[in-house]
């Protein structure tokens, strides 16, 4: 994700955190989402921790499963960014 | 008993066809070799032909259940050429089945067989496979080390083979932010494939080059390589390549400020591959997913 002012590893962390938030909001377990997205639960954990890049298929499946639009996802990322800045600033 | 007449010629011609990217022709040659070996009652030769045939069929997407046969061949051919071929093909079969743990297990066995029989070229192949498995796991550091070793060990100077490894290593370097070194390797990879006439594989470095140029901020070059990658992947019938090309073309058009074109490319991606995800183009227009996506996963 290209969020100005945040280095790529931190961006990946924000993305992971936002995906975890979406999953928890829909009361879905990690195992459930991983199975439906065609991936291992351990890989989903690594994505949520911002440690793992995924294939295009998995990314698109995840966004579809979590029923999130681009605008909404971007809003979540910006909120997460503000929170992170608040903590560090 | 001597090996059937022409058996070695058929195997050699099959391997030559693989090297030149003529996979259908290679499959036919290995089929003929297998028939000859059976007719002559030579199980050793039949095992070799079976392994070669299975490897090519895999590349062509014909994923019949070859695993039990390959396991039996591996058991009865310890530390041998055929054992190596069986282990390598098993690793590829598990890789295609997305069982990374078993794929790694057999890839390491393949490396041990190649090392034990002192076959440098196959050691290079095994390191490349281990690198690709690490790449699937988004472990770019391990992948980079394995690809570097694969290049170092490659004695053949065969441009197509080196080009495939150079593309893999170049991609790792680009993702790791080492753009200049990555670009050098990727252009070398493209030249190698052209020189050897293996046009079937050209779309791989084209995809990596499209990403690298996006990272450099050169949207026009990214579009040029993306279009060439799309044509190549379509010709090769590689759906994953086509998907990646549409995605990169959309990102490149977005970077160039042509949002209508970006929407058209993302729209093609959605219509052809994700028909149920009607808001995909909007999502990808709003979000730059480059940092999240591993195009070689």
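Details
- Peptide A:47-56 has a mean of 6 when you count, residue by residue, the C-beta atoms of other protein chains within 10 Å of its C-beta.
- Label-point gap, in nm, between residue B:231 and residue A:75 - each point 7 angstrom along Cα→Cβ: 4.3
- The Rg/Rh ratio of chain B, with Rg taken over Cα atoms and Rh as the Kirkwood radius over Cα pairs, comes to 1.01.
- Note on segment A:8-88: Cα-only Rg and Dmax are 12.1, 36 Å.
- Note on residue B:278 and residue A:40: with the Förster distance fixed at 25 Å, the Cβ-Cβ geometry gives a FRET efficiency of about 0.35.
- Only helices enter this figure: runs of n ≥ 4 DSSP H residues, each worth -39500 (n - 2.57), summed and divided by the residues of chain B, yield -25000 deg cm²/dmol at 222 nm to the nearest 500.
- Spatially, segment B:204-271 and segment B:38-55 are offset by 42 Å when compared through their Cα centroids.
- Relative packing of peptides B:279-288, B:16-25 - highest average C-beta neighbours within 10 Å first: B:279-288, B:16-25
- Remark: relative contact order (chain B) = 9 percent; criterion is Cα-Cα distance under 8 angstrom and separation of 6 or more residues.
- Peptides B:202-211, A:13-22, B:235-244, ordered by how many other C-beta atoms sit within 10 Å of their residues on average, highest first, read B:202-211, A:13-22, B:235-244.
- Inter-chain Cβ neighbour average for residues B:281-288, partner chain, 10 Å: 6
Quick note: the coordinates plus some simple rules give every number you see, no bench work behind them. Quick caveat: nothing in here was measured; it's all calculated off a predicted structure. Virtual Cβ from ideal backbone geometry, glycine too; neighbours counted across all protein chains shown.
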